[in-house]
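Asker: Starting off with a structure, shown below.
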Amino acid sequence: MAVKDIMDALRGETLEDIGLKENLAQLVKDIKLIGSELDVLLYTPKKGLEDILRAKVQNALSDVPDVKKVNVKFTETPPQQAQQGAQIPTGQPAFTKRKVPGVKHLIAVGSGKGGVGKSTVAANLALALAKLGYRVGLLDADIYGPSVPTLLGLKGTRATVNERNRIVPAEKFGIKVLSIGFMLPSEDTPVIWRGPMLMKALTQFLFDVDWGELDYLILDLPPGTGDVQLTLAQNVDISGAVVVTTPQDVALADVKKATSMFKEVQIPVLGVIENMAYFICPSDSQKYYIFGKGKTAEFASAYGLKILGSIPIDPEVSERSDKGEPIVVENPESEVAKAFYGIARIVTQELS
Ligand SMILES: Nc1ncnc2c1ncn2[C@@H]1O[C@H](COP(=O)(O)OP(=O)(O)OP(=O)(O)O)[C@@H](O)[C@H]1O
Ligand SMILES: [Mg+2]
């Protein structure tokens, strides 16, 4: 059993970030488990990769029960399967989607268009779920413009690593939080993450984090349907995606792109969240549909999507967001907060 667990864990480790098409399992020439100590003999297709491969093996196996110590040795002779040029029959799809250890449901929050309130929704949805009694984490995967540190008043927080070499998330308002913003030397550091760097940062973010046991991990994706979304979608076992939009034609047009991307990579779209749906005028308490009423519903029914909820536009949201005071926590009786609680309940039902 242990050997199967070990091979499964290694199979889940792709090596695209270091330019290899194989997964770790396909490089294994020999493994030997004596007690809780594992010896792995690994084929290195290229010189100079030894250190990174060793780290990857140790990391991939860190959660396998019964394995306490891993020794990695290298050989230049390929395993038999590779010599014959044959693929190891894994019975797995072309890409292996890994589960984040300890996390029951991973929910990606995406949008076709930027600035529609995706991060606001991701953060407040996470907090609403926590208030409902679930164990929740929030991962800011927007490596281009991380905004979670601001939204939750965590600016200046730096990531730490524990004795098991795992990143420790911050904790705020009862949820675990990690943002690429915690990795930067300062607020103003410009980061250009590209290609392998980007992919490595992302996978590290999910799999090398000590999330503990979580019912829900909410993933704030960058806007659009680029590399980040695809890498995550192909490599990570995501339970479902929610797509945030505003009821404007331009935003709705991009929802189409986002939903078809999720469908292509076989991630179920749980539904659409309509943000900035209407304005409640403080003087007459009437709802005003600034961007038009019923557009999102029409769009959703045309594409067979469910509307998970509609959030009003409220200046209190942006004022509080800038101060790190999420509205769900600071004003739970507000219409906006109530909308988030409603969405959180629907999301839990959709996934149960
Ligand atoms: N319901 C709302 N009412 C009022 N302001 C809102 C609402 N939702 C979001 N905002 C504000 O709109 C702006 C954009 O929101 P947010 O940063 O969450 O969008 P985003 O889609 O994550 O953007 P990006 O594409 O840059 O990641 C922020 O200033 C936010 O406070
Ligand atoms: Mg954002």
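Asker: For the range 216-228, name all the residues that are within 16 Å of ligand 1 (Cβ to nearest atom) and either surrounded by fewer than 23 Cβ atoms within 10 Å (Cβ to Cβ) or assigned to a strand (DSSP E or B) (or both).
Answerer: ILE218, LEU219, ASP220, PRO222, PRO223, GLY224, THR225, GLY226, ASP227, VAL228
Asker: Tell me which residues, restricted to the range 317-337, are charged (D, E, K, R) and either within 11 Å of ASN124 (Cβ to Cβ) or touching a residue at least 12 places away in the same chain (Cβ under 8 Å) (or both). Full working, then the answer.
Answerer: To start, the set of residues in the range 317-337 that are charged (D, E, K, R) comprises 319-320, 322-323, 325, 330, 333, 335.
Listed by number, the residues that qualify are ARG320, ASP322, LYS323, GLU325, GLU330, GLU335.
Asker: Restricting to the range 160-210, and then to whatever is among the small types (Gly, Ala, Ser) and modelled with pLDDT of 90 or more, can you tell me which residue is farthest from THR231 (Cα to Cα)?
Answerer: First, the residues of the range 160-210 that are among the small types (Gly, Ala, Ser): 170, 174, 179, 181, 186, 195, 201.
Right, trim to modelled with pLDDT of 90 or more and you get 170, 174, 179.
Numbers: ALA170: 25, GLY174: 29, SER179: 18 Å.
Among residues in the range 160-210 that are among the small types (Gly, Ala, Ser) and modelled with pLDDT of 90 or more, the one farthest from THR231 (Cα to Cα) is GLY174.
Asker: Shifting gears a bit: Between residues in the range 97-115 that are open to solvent by 50 Å² or more (accessible area, probe 1.4 Å) and residues that are of a type in the set (A, V, I, L, M, F, W, C) and modelled with pLDDT of 90 or more, which pairs lie under 7 Å by C-beta distance while being six or more apart or on different chains?
Answerer: From the range 97-115, the pairs are LYS104/LEU214.
Asker: Sticking with this structure for a sec: Which of the residues that make up the range 107-156 are assigned to a loop (DSSP other than H, G, I, E, B), of a type in the set (Gly, Ala, Ser) and more than 8 Å from ligand 1 (Cβ to nearest atom)? Spell out the reasoning first.
Answerer: Filtering the range 107-156 down to residues assigned to a loop (DSSP other than H, G, I, E, B) leaves 111-117, 132-135, 141-147, 152-156.
Restricting the remaining residues to those that are of a type in the set (Gly, Ala, Ser) gives 111-112, 114-115, 117, 133, 141, 145, 147, 153, 156.
Within the range 107-156, GLY112, GLY133, ALA141, GLY153, GLY156 qualify.
Asker: For the range 232-347, please list each of the strands (runs of 3 or more DSSP E) lying entirely inside it that holds at least 2 residues being within 16 Å of ligand 2 (Cβ to nearest atom) and crowded, with 17+ Cβ neighbours inside 10 Å. I'd like the intermediate steps shown before the answer.
Answerer: On the way: elements: 240-245, 269-274, 307-310.
Once the strands (runs of 3 or more DSSP E) in the range 232-347 are filtered for at least 2 residues that are within 16 Å of ligand 2 (Cβ to nearest atom) and crowded, with 17+ Cβ neighbours inside 10 Å, what remains is 240-245.
Asker: Now for a different question. Pick from ALA159, ALA170: which is away from ligand 1 (no atom under 16 Å from the Cβ), touching a residue at least 24 places away in the same chain (Cβ under 8 Å) and either in contact with a Leu (Cβ under 8 Å, 6 or more places away or on another chain) or more than 24 Å from PHE340 (Cα to Cα) (or both)? So that I can check it myself, show each step before the final result.
Answerer: Details: ALA170 fails: touching a residue at least 24 places away in the same chain (Cβ under 8 Å).
Residue meeting the stated conditions: ALA159.
Asker: On to the next question. In the list GLY117, GLY35, GLY48, which residue meets the criterion of being modelled with pLDDT of 85 or more, more than 26 Å from the chain's Cα centre (by Cα) and at positive phi? Even if it seems obvious, please write down each step before you answer.
Answerer: On the way: GLY117 fails: more than 26 Å from the chain's Cα centre (by Cα); GLY35 fails: modelled with pLDDT of 85 or more.
Result: GLY48 is the single residue among GLY117, GLY35, GLY48 that is modelled with pLDDT of 85 or more, more than 26 Å from the chain's Cα centre (by Cα) and at positive phi.
Asker: Give me a count of the residues in the range 36-59 that are closer than 17 Å to THR14 by Cβ, basic (Lys, Arg) and either part of a strand (DSSP E or B) or touching an Asp or Glu at 6+ places or on another chain (Cβ under 9 Å) (or both).
Answerer: 1
Asker: Quick one: which of ILE267, ILE273 is within 13 Å of ligand 1 (Cβ to nearest atom), of a type in the set (A, V, I, L, M, F, W, C) and touching a residue at least 12 places away in the same chain (Cβ under 8 Å)?
Answerer: Working: ILE267 fails: within 13 Å of ligand 1 (Cβ to nearest atom).
Exactly one residue qualifies, and that residue is ILE273.
The values are calculated or read from the model by the stated rules, or taken from the named source; none is laboratory data. On a predicted model such as this, the values are computed, not experimentally measured, just so you know. Cβ coordinates were reconstructed from backbone atoms using ideal geometry, including for glycine residues, and neighbour counts include every protein chain displayed. For the accessible areas, the whole protein counts, side chains as well, though only heavy atoms, and no ligand, DNA or RNA atoms are used. Shrake-Rupley method; radii C 1.70, N 1.55, O 1.52, S 1.80 Å.
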